[in-house]
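Scroll down for the structure; my scribbles are underneath it.
The values are calculated or read from the model by the stated rules, or taken from the named source; none is laboratory data. Note that the coordinates shown come from a computational prediction; the quantities given were computed from them, not determined experimentally. Note that each Cβ is placed from the backbone with ideal geometry, even for glycine, and that neighbours are counted across all protein chains shown.
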Amino acid sequence: MRISDIFRFILFLGIQLLIFDNIEIGGYINPFFYVLFIFSLPFDIPLVFLLLASFAMGMSVDTFHHTYGMHAAASVFIAYIRSFVINFLLAGKEYDKGTIPGIENMGLGKYVSFVSILVLFHHFIYFFLEVFRFSNFFDTFFRIILSSIATLIIIIIYQLIFSKEKK
């Protein structure tokens with residue numbers, strides 16, 4: 001892990017806790033901006049470090065939300081499948097060491113696909129762990145979709161504002 005990754009961890013956790021935790025529209029829209037930390041770790045990060053960093057981020061959010069490991073479980077799962085999603089979408093494309101997934105490196109379409117897949121998995125796991133039953137499947141599914149859309153919009157806006165133009 002680099003110093004910039006540690007800074008990004010603190011920044012994204014702070015943004016989640018101070019801004020996005022105060023957004024809950026009708027109990028259906030809960031944006032989870034902090035997952036961007038997992039997406040913005042370098043392509044070549046070893047899996048063990050990716051899993052540990054994701055667990056640390058998830059547990060940090062769980063600590064403040066009192067959610068007893070639900071964010072950690074969802075975060076570790078998407079960290080685990082992240083490389084499979086990248087390999088599927090980019091079909092073996094090689095990147096320089098330390099390259100971070102983003103619009104400038106992947107292109108808008110592939111980046112949106114990458115983030116969409118992982119956000120949907122994250123939200124599916126989190127929200128079903130939260131209710132821990134399938135009796136309200138459609139209500140929970142509706143929350144997953146709306147929260148995923150809100151999270152995606154926020155992440156895409158962030159990427160468009162802060163991505164560096166490719167030279």
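Looking for whichever is acidic (Asp, Glu) and touching a Phe, Trp or Tyr at 6+ places or on another chain (Cβ under 8 Å) here; the options are 62, 96. Which one fits? Walk me through how you get there before you give the answer.
On the way: 96 fails: touching a Phe, Trp or Tyr at 6+ places or on another chain (Cβ under 8 Å).
Going through 62, 96 in turn, just one is acidic (Asp, Glu) and touching a Phe, Trp or Tyr at 6+ places or on another chain (Cβ under 8 Å): 62.
Do we find a residue being among the hydrophobic types (A, V, I, L, M, F, W, C), more than 23 Å from residue 72 (Cα to Cα) and in a loop (DSSP other than H, G, I, E, B) anywhere in region 98-107? Please lay out each step first, then the result.
Of the residues in region 98-107, the ones among the hydrophobic types (A, V, I, L, M, F, W, C) are 100, 103, 106.
So of that shortlist, the ones also more than 23 Å from residue 72 (Cα to Cα) come out as 103, 106.
Retained after the next criterion (residues that are in a loop (DSSP other than H, G, I, E, B)): none.
Within region 98-107, not a single residue is among the hydrophobic types (A, V, I, L, M, F, W, C), more than 23 Å from residue 72 (Cα to Cα) and in a loop (DSSP other than H, G, I, E, B).
Could you give me the residue pairs with C-beta distances under 7 Å whose first residue belongs to region 121-142 and is closer than 16 Å to residue 29 by Cβ, whose second residue is at pLDDT below 95 and outside any helix (DSSP H, G or I) wherever it lies, and which are 6+ apart or on separate chains?
From residues that are closer than 16 Å to residue 29 by Cβ, the pairs are 142/28.
If only one of 149, 155 is in contact with a helix residue (DSSP H, G or I) (Cβ under 6 Å, 6 or more places away or on another chain) and at pLDDT 95 or above, which one is it?
On the way: 149 fails: in contact with a helix residue (DSSP H, G or I) (Cβ under 6 Å, 6 or more places away or on another chain).
After applying the criteria, what remains is 155.
Output the helices (runs of 4 or more DSSP H) that fall wholly within region 19-92 and possess 1 or more residues being free of Cβ contacts under 8 Å to residues at least 12 places away in the same chain and of a type outside the set (Lys, Arg), or say none.
Helices (runs of 4 or more DSSP H) meeting the threshold: 47-65, 70-90.
Name every residue in region 40-58 that is of a type in the set (A, V, I, L, M) and either farther than 25 Å from residue 98 by Cα or crowded, with 19+ Cβ neighbours inside 10 Å (or both), in order of residue number. Spell out how you get there, then give the answer.
Start the filter on region 40-58 by keeping residues that are of a type in the set (A, V, I, L, M), which leaves 41, 45, 47-48, 50-53, 56-57.
Passing the criteria: 41, 45, 50, 53, 57.
Name the one entry in 64, 37, 88 that is surrounded by fewer than 14 Cβ atoms within 10 Å (Cβ to Cβ) and closer than 18 Å to residue 9 by Cβ.
On the way: 37 fails: surrounded by fewer than 14 Cβ atoms within 10 Å (Cβ to Cβ); 88 fails: closer than 18 Å to residue 9 by Cβ.
The conditions single out 64.
Kindly indicate whether any position in region 95-104 is surrounded by 13 or more Cβ atoms within 10 Å (Cβ to Cβ) and either touching a Leu at 6+ places or on another chain (Cβ under 6 Å) or farther than 23 Å from residue 48 by Cα (or both).
The answer is yes, given that some residue of region 95-104 is surrounded by 13 or more Cβ atoms within 10 Å (Cβ to Cβ) and either touching a Leu at 6+ places or on another chain (Cβ under 6 Å) or farther than 23 Å from residue 48 by Cα (or both).
Mind listing just one residue for me: the one in region 46-72 that is at pLDDT 95 or above and among the aromatic types (Phe, Trp, Tyr) and, of those, nearest to the chain's Cα centre (by Cα)?
Residue satisfying both the conditions and the ranking: 55.
Specify the residue that is nearest to residue 96 (Cα to Cα); the eligible residues are those in region 127-167 that are of a type in the set (Phe, Trp, Tyr) and not in a helix (DSSP H, G or I).
Residues of region 127-167 of a type in the set (Phe, Trp, Tyr): 127-128, 132, 134, 137-138, 141-142, 158, 162.
This time we only want the ones that are not in a helix (DSSP H, G or I), so: 132, 134.
On the way: 132: 42, 134: 44 Å.
Checking each candidate, the answer is 132.
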